[in-house]
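Accompanying notes for the structure given below.
None of the figures in this text is laboratory data; all of them are computed from the coordinates on show. Keep in mind the model is a prediction, meaning the values are calculated, not measured. Virtual Cβ from ideal backbone geometry, glycine too; neighbours counted across all protein chains shown.
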Amino acid sequence: MEIKPAGECSPMSMRGEPIEVINRYTGAVETEQVYGERWLRWTYESGAGRLALALVLRRAVFSRVFGWRMSRPASRAKIAPFVRDYGLDPGEFAEAPESYASFNDFFSRRLRAGARPVCGGAGEVAFPADGRHLGIDDVGAATQFYAKGQRFDLATFVGDAALAQRFAGGTMVISRLCPVDYHRFHFPVGGRAQAPVVIDGPLYSVSPIALRRRLAYLVENKRARTLVETADLGGVLVVEIGATCVGTIVHTAGAGEVARGAEKGYFRFGGSCVITLFERGRVHLADDLRAAAAAGRELYARVGDRMATAVAAVR
């Protein structure tokens, strides 16, 4: 698949332009309603904002203070307006919106049973989270999407040179969560999971508004990687990435046998990201995921839906 170079045709690469995504369920191109857009654009698109970012906003203490505010009982008042303004469906929630003790508790809410069915076909791989997904057949092509000429350093990202070599030339899916999304993440495959390994780092935004300025935010941010060994895909690496106001990544599953679609953990407040890496030649990405990337856009899809299929299963 050819990824069109950012700066030439990708709307995600243009300063001040809206972020457009393709909705899997309607086929429509939609303009993302960005939570805190004015603040994000000031931070990453102005000189004064970038200075504030370097001095304060990227630091874990800022996110801890913000998280503390969102965990106070007074933050409950933000829940009802948030549900209303962003068109969330309370019928999906496991508990009523008014039952949460704080906005942070609401943010990491569970959904009712059956709200996110998990694909069940032979060799299918599920999306690990609700969000906007970018599928890249060769991880090396990540340098061409958000901003032309920037480098995605796989060895730095995974924090292990030997592990990076195992996934060199492999397939990558970036699943970007916005604050309005369901913020629990799940296993995209079944297999034997190793214990998560935390790699410390700063907390930059992972919005395209930030990534079009510097792709390395994905590589440098605080993150946690989990290697899952599978029967038909070899190793699958799942990496959760923290972001500004998301200093906390909570894992609810540990090492051992896991099922496709099983809960893996959750993020606290803010936008965040999950990256799934496959070994070279192991998966065929879903056609609409590939087509969206070729058009310079992400694909909106929900956790549990089909992200890819094992190459062995489509031969």
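Taking Cβ atoms as reference points and 12 Å as the exclusive limit, the residues near Gly191 contribute a net charge of -1, counting Lys and Arg as +1 and Asp and Glu as -1.
Extension gain, Asp153 to Glu17: 0.36 nm times the residue separation minus the Cα-Cα distance gives 46.3 nm. Per-residue Cβ neighbour counts within 10 Å put Tyr25, Tyr86 in the sequence Tyr25, Tyr86, beginning with the fewest. Among 71-82, 125-136, the peptide with the highest mean count of other Cβ atoms within 10 Å heads the list, and the full ranking is 125-136, 71-82.
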